[in-house]
Amino acid sequence: MRAWRPILAFAAFSVVLAGCGSAETGGSAAGTGAAAASAAPAGPWQFTDGSGKVVKADKTPTRIIAHAGEAAALMSFGLKPVGIYADESVKTDANLKDLDLTGIEILGEEWGKIDVEKAAALRPDLIVGDWWPAEKAYSGLEEGADEKSKKLTELAPIVGVAQGKSIVALAKGYEDLAKSLGAKVDAPEIVAHKKRFEEAVTAFKEAVAAKPGLTAAAMLPADDKLYVANPEYAPELLDFQNWGLKVINPDSPDPGFPYWENLSWENADKYQPDLVLYDGRSYKPTSNEEWGKKQPTWFKVKAAKAGAVVSWPAYWLHTYEDFATELESLTAAVKAADENIGD
């Protein structure tokens, strides 16, 4: 599973690989769109996704199946998908908290397992999932996913913004996709969310600038190992670095899965940041103290022993609003941190 280790086409479309010629598949658009997407322009439609391909359709897609985070992004712009597949229960997926999923078919709640027959019954004309450059695959369809689930891409063309160098770029990419699908991206509520995000970024930069010596490391404590995140493959961490926070780059990422450097618990103190950013998806037990009891060497990390830990929104952010919320929490943690703990 990405970042962890830790049928029939219903729309007429063509896929053009950038600089590599083209291929075309014919079909017919079917069904009506979800209510929020009913104002979509008639078409023709096209979008260049994170893999570099251009997807074209005779009509603007309206019946969309999306991976959880990507669904949240579209819904933040008023576009309601007909189906969602998730990597965990939709009740616990951070992307979907507080969202009204009424009328949306849930097609899977485990990574790599999608009910394609149920998906086919929805007559989709577009699939939306992030493009993961390191794995060259879309969300939920990476290596290791159920082979039957991968047949989802036979139902309709698939597009997605790349999980690349910035969550800001990711959010902007989904704004562009939503706009192409007919969303009013200049609606007052959307403008307000973007303004709140911009204010959160300013506050974060100010807090970091006030502590120029502060270092941070993004970590995932697990039963077998302590995993240290590699910012090169974590767009949130790259944003933090670009905004001035000194997030440590581990020196020996796993060659086969470069998202992490894998440390034995005996070597948990290899890096000594002033602030620990823990992976908020699966930090269990759920408190710093519990981890110290379960893995005593966790407290060899001085920041952990001092309680200087804060959740890092690892690999799930897709919207300006969610990013603003997480930045506000991180800013508070930066303000409270002692930039000399890791010395």
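The values are calculated or read from the model by the stated rules, or taken from the named source; none is laboratory data. Just so we're clear, the structure is a prediction, and the values are computed from it rather than from any experiment. As a convention, Cβ positions derive from the backbone with ideal geometry for all residues, glycine included, and neighbour counts pool all protein chains shown. Areas reflect the complete protein model, heavy atoms only, side chains present, ligands, DNA and RNA absent. Shrake-Rupley method; radii C 1.70, N 1.55, O 1.52, S 1.80 Å.
At-a-glance table
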read-out: Extension gain from residue 264 to residue 287, taking 0.36 nm per residue of separation minus the Cα-Cα distance; value: 6.2 nm
read-out: Once the Cα gyration tensor of segment 49-103 is diagonalised, semi-axes √(5λ) in Å; value: 23, 14, 9
read-out: Euclidean distance between Cα centres, segment 226-252 to segment 140-215, Å; value: 18 Å
read-out: Packing-based ranking, highest mean first, of 262-268, 174-180 given that Cβ atoms within 10 Å are counted; value: 174-180, 262-268
read-out: Kirkwood-based shape ratio for segment 162-251, expressed as Rg/Rh from alpha carbons; value: 1.07
read-out: Ellipticity estimate at 222 nm from DSSP helix runs (n ≥ 4, -39,500 (n - 2.57)) divided over the chain, nearest 500; value: -7500 deg cm²/dmol
read-out: Amide hydrogen neighbours beyond the local backbone of residue 218, cut-off 5 Å, H modeled; value: 229, 248, 277
read-out: Å³ per residue enclosed by the Cα convex hull of the chain; value: 132 Å³
read-out: Added length on full extension, which subtracts the Cα-Cα distance from 0.36 nm per residue, residue 92 to residue 172; value: 26.3 nm
read-out: Residue 186-residue 294 pseudo-label distance in nm [points 7 Å out on the Cα-to-Cβ vector]; value: 5.0 nm
read-out: Segment 250-343: mean projected area of Cα convex hull, nm²; value: 6.8 nm²
read-out: Nearest-20 debye value, segment 170-240 charge dipole, Cβ charges on Lys, Arg, Asp, Glu; value: 220 debye
read-out: The chain, dipole about Cα centre (Lys/Arg Cβ +1, Asp/Glu Cβ -1), debye to the nearest 20; value: 380 debye
read-out: Highest average packing first - 56-64, 75-83, Cβ atoms within 10 Å; value: 75-83, 56-64
read-out: Convex hull projection area averaged over all views, segment 242-302, Cα basis, nm²; value: 5.1 nm²
read-out: Two-decimal log10 I(q)/I(0) for segment 100-259, as the Debye equation yields it once each C-alpha is a single scatterer, q = 0.15 Å⁻¹; value: -1.08
read-out: For segment 216-343: accessible area per residue (Å², 1.4 Å); value: 39 Å²
read-out: Listed peptides 67-73, 321-327, 288-294 by packing density, highest first (mean Cβ within 10 Å); value: 67-73, 321-327, 288-294
read-out: Two-decimal ratio, segment 187-343, of alpha-carbon radius of gyration to 2.2 N^0.38 Å; value: 1.03
read-out: Percent antiparallel among DSSP beta bridges (both partners in segment 55-124, rounded to 5); value: 10 percent
read-out: Beta bridges per DSSP with both ends in segment 71-164, % antiparallel, nearest 5; value: 30 percent
read-out: Gain in span if fully extended, residue 205 to residue 252, counting 0.36 nm per residue against the direct Cα distance; value: 14.1 nm
read-out: Virtual spin-label span in nm between residue 105 and residue 154, 7 Å along Cα→Cβ; value: 1.6 nm
read-out: Antiparallel DSSP beta bridges within the chain, as percent of all bridges there, nearest 5; value: 50 percent
read-out: Projected label distance in nm at residue 146 and residue 46, using a 7 Å step from Cα toward the beta-carbon; value: 3.7 nm
